[in-house]
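Beneath this line is the structure, given in structure tokens, with notes to follow.
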Amino acid sequence: MSETGVLRARLGDRLEPTRFALDGISVESMVRPENAAALGETLGALHETDGAALVRGGGSRMGWGNPLTRADVVISTERMVGVEELDLEEGVVCVRAGTRLAALRETLGEEGWTLPLDPPGSDSTVGGALASAAFGPRAEIYGLPRDRVLGLDVVLASGEQTRCGGRVVKNVTGYDLSKLYVGSLGTVGVIAGAWLRLFPKPECEAVCVMDFAGIRDAAHCALALSRRPGDHAVAQLAGAAAATVAEDADSVVAVLSSGDEDWVSSEQAFLRAEFGARDATLEDFDRVREIQGGETAAECLRVLLLLQPTSLPASLERLLPASRRLVSYPARGVISVAFETDPSGIDALFEEVAAVTAAGHGSYFWESVPPAVKNQRNVFGAASETEALSRAIKQRFDPKGVLSPGRSAGCL
């Protein structure tokens, strides 16, 4: 019996027909496990038959990572949904990986808590947001996804079910393996569930917007505002992104202030007096998140740079001429930029991004790259000690290459 036949015999009716393609790899079978045990059985069968799986959450970031080299099955977490435990006194939730963030955010809001995950994409799931470590503008208040994870239930490539961390911070001792799985794109283990630390729902939130004629002045202003005390989320938009908020501005700075009503009111008054800010809505600020992830076409070039914050004014000015749109989060030194996709200029764009990153003493990650270009480059940047470490981790946790082979930083 062929390996495919053995796999079908092992999984039976759980193996459903599908039509899915990624990076030139076509997959015609899907499994939708309903819990961690069923997920473990699926991965165990793939491990024994030398099969490979591509794990799918909401599908918002399937194109991230290096090119997929093979896959026999798509594993979808869409049936692994629901809140398993919600501790309202401690502000902690345990939730299954396939749960949609939009639904979870609504449930928690009704109980007076805020979900600290803010990735671009309306269909994002808990598992997908953590596996990609994706974040949006509110990360300046919430922190990065890995900062909010207390513990994870993870199924390894062999099918073994594991748990790292716990429901409270003091349970985490020794190596915090949660940090390994968050951002791994499902290449070293599949997140089945997560314990998350929540934020209390603020008494008041308000948004102010400032228009600028030049990107450098806007960047200096955004950087200064991001350093003010209190809970602020500051975002700068330039290029076509700025035009979605203000038609006549080259660059726009949006500030979300969050806290008690008196403090938020005083912050708004300061922004109006010092910068001529105008009021905007929470929906306007949340639109920044959608702009950040809005370039989803296969032919799009989109990169995320993580730089020293002080380098942002010069970096933004340097990237603007070739960009389609720019979004920056100054507190964390983040620039998300989508470029025009003239094939003749792609090599120059890659070189420019690498040069800007070197000048800003940071790193970069190409989130979206045309397939023909993606096959020729490592989307995580040049070879480095980090890539060597990624290769060692992949070899340790998934030596047979069961989980999304090729997509990791080490291309394994």
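With the structure loaded, tell me whether A97 is small (G, A, S) and crowded, with 22+ Cβ neighbours inside 10 Å or whether it fails that test. I'd like the intermediate steps shown before the answer.
Numbers: small (G, A, S): yes; crowded, with 22+ Cβ neighbours inside 10 Å: yes.
Answer is yes for this residue.
For region 318-336, check the following and say yes or no: at least one residue is modelled with pLDDT of 95 or more, of a type in the set (D, E, K, R) and either within 17 Å of V209 (Cα to Cα) or more than 23 Å from the chain's Cα centre (by Cα) (or both).
yes
For A372, are the conditions met, namely being within 28 Å of S26 (Cβ to Cβ) and crowded, with 23+ Cβ neighbours inside 10 Å?
Values: within 28 Å of S26 (Cβ to Cβ): yes; crowded, with 23+ Cβ neighbours inside 10 Å: no.
Considered against the rule, which asks whether it is within 28 Å of S26 (Cβ to Cβ) and crowded, with 23+ Cβ neighbours inside 10 Å, A372 comes out as no.
If you go through region 333-346 one residue at a time, do you hit one that is touching a helix residue (DSSP H, G or I) at 6+ places or on another chain (Cβ under 9 Å) and closer than 16 Å to S184 by Cα?
no
Considering only region 29-55, state which residues are touching a helix residue (DSSP H, G or I) at 6+ places or on another chain (Cβ under 8 Å) and closer than 15 Å to T99 by Cβ.
R32, P33 - these are the residues of region 29-55 that are touching a helix residue (DSSP H, G or I) at 6+ places or on another chain (Cβ under 8 Å) and closer than 15 Å to T99 by Cβ.
Select the strands (runs of 3 or more DSSP E) contained entirely in region 320-377, then report the ones holding at least 1 residues which are over 21 Å from G183 (Cα atoms). Break it down stepwise before answering.
Working: elements: 323-329, 334-339, 363-368.
Here the list reads 323-329, 334-339.
Would you pick out the residues in region 244-293 that are among the charged types (D, E, K, R) and part of a strand (DSSP E or B)? Break it down stepwise before answering.
First, the residues of region 244-293 that are among the charged types (D, E, K, R): 247-248, 250, 260-262, 267, 272, 274, 278-279, 283-284, 286-287, 289-290.
Scanning region 244-293 gives R278, D279.
Looking for something within 30 Å of E48 (Cα to Cα) and either free of Cβ contacts under 8 Å to residues at least 24 places away in the same chain or in the same structural domain as D250 (by TED's automatic domain parsing) (or both) - is there at least one such residue anywhere in region 404-411?
Pass one, region 404-411, residues within 30 Å of E48 (Cα to Cα): 404-411.
Narrowing further to those that are either free of Cβ contacts under 8 Å to residues at least 24 places away in the same chain or in the same structural domain as D250 (by TED's automatic domain parsing) (or both): 410.
Scanning region 404-411 turns up at least one residue that is within 30 Å of E48 (Cα to Cα) and either free of Cβ contacts under 8 Å to residues at least 24 places away in the same chain or in the same structural domain as D250 (by TED's automatic domain parsing) (or both).
Within the bounds of region 131-149, is there any residue that is touching a residue at least 12 places away in the same chain (Cβ under 8 Å), surrounded by fewer than 21 Cβ atoms within 10 Å (Cβ to Cβ) and basic (K, R)?
Scanning region 131-149 turns up at least one residue that is touching a residue at least 12 places away in the same chain (Cβ under 8 Å), surrounded by fewer than 21 Cβ atoms within 10 Å (Cβ to Cβ) and basic (K, R).
Take region 243-275 and flag every residue that is under 23 Å from the mean Cα position of the chain (by Cα) and without any contact (Cβ under 8 Å) to a residue 12 or more places away in the chain.
none
Could you count how many residues in region 378-412 are among the hydrophobic types (A, V, I, L, M, F, W, C), assigned to a helix (DSSP H, G or I) and closer than 27 Å to V73 by Cβ? Please lay out each step first, then the result.
We begin by selecting, within region 378-412, every residue among the hydrophobic types (A, V, I, L, M, F, W, C); these are 379-380, 382-383, 388-389, 392-393, 397, 402-403, 409, 411-412.
Right, trim to assigned to a helix (DSSP H, G or I) and you get 388-389, 392-393, 397.
Cutting the leftovers down to closer than 27 Å to V73 by Cβ gives us 392-393, 397.
Total satisfying the criteria: 3.
What tally of residues in region 15-49 results from selecting those that are among the hydrophobic types (A, V, I, L, M, F, W, C), surrounded by fewer than 15 Cβ atoms within 10 Å (Cβ to Cβ) and not in a helix (DSSP H, G or I)?
Initial filter on region 15-49 (among the hydrophobic types (A, V, I, L, M, F, W, C)): 15, 20-22, 25, 27, 30-31, 36-39, 43, 45-46.
From what is left, the residues that are surrounded by fewer than 15 Cβ atoms within 10 Å (Cβ to Cβ) are 21, 37.
From what's left, not in a helix (DSSP H, G or I): 21.
Total meeting the criteria: 1.
The values are calculated or read from the model by the stated rules, or taken from the named source; none is laboratory data. None of these values were measured; they are calculated from a predicted model. Cβ sites come from the backbone with ideal geometry, for glycine too, and all protein chains shown count toward neighbours.
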